[in-house]
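What follows is calculated from the coordinates using simple rules that are stated; it is not laboratory data. A quick note: this is a predicted structure, and the numbers were derived from the prediction, not measured. With ideal geometry, Cβ positions are generated from the backbone for all residues, glycine too; neighbour counts draw on all protein chains shown.
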Amino acid sequence: MYEEEEKSYLQQLPHTLYKLTEWKSAKVQVERIYYSVPYDYVRQHVDVRLTTDLIEVYFKEARIASHKRLNGEIGQLSTNTEHMPDNHRLYLEHNPENNREWAETIGSSMVQFCFMYIEYEC
């Protein structure tokens with residue numbers, strides 16, 4: 001019976017292995033580890049899909065973020081800078097190299113001032 005009726009319907013197995021998953025409702029924190037989401041969703045309740053190596057965050061059935069799953073210390077952070085508002089990203093760009101490049105566009109006196117300021121701050 002198998003040979004005659006069912007064998008022709010067999011298909012190849014999928015290339016990716018089946019992964020057990022777990023679903024939770026959360027606010028950015030999963031298992032006391034913090035994962036970033038786009039800033040518009042920070043205070044929203046989201047659904048979180050957890051596999052052994054991946055965290056996916058869904059809002060109203062649309063995936064809004066995914067992170068490699070962290071294991072270990074409580075309070076760890078996984079932050080994607082694309083999730084930050086523009087003003088937060090600009091703050092991250094304030095480092096000695098960028099400040100020096102900016103000073104060079106103004107003039108040598110500003111470079112000298114920034115060099116002194118940066119040396120004391122670092």
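A simple count of charges around SER78, restricted to other residues whose Cβ falls under 9 Å of its Cβ and scoring Lys, Arg +1 and Asp, Glu -1, yields +2.
Segment ARG89..SER108, full-extension length gain: 4.1 nm, with 0.36 nm per residue of separation and the alpha-carbon distance subtracted. Annotation: for a label point projected 7 angstrom from Cα along Cα→Cβ of ASN98, residues of the range 63-85 with backbone N closer than 18 Å are 79-85. Can you tell me the 0 to 90 degree angle between the C-alpha axis of helix 108-121 and the longest principal axis of the chain, rounded to 10? Approximately 60 degrees, to the nearest ten. Taking the inverse of the mean reciprocal distance over all distinct Cα pairs, the Kirkwood hydrodynamic radius of the range 1-79 comes to 14.7 Å. Considering only alpha-carbon pairs that sit under 8 angstrom and 6 or more positions apart, the relative contact order computed for the chain is 18 percent.
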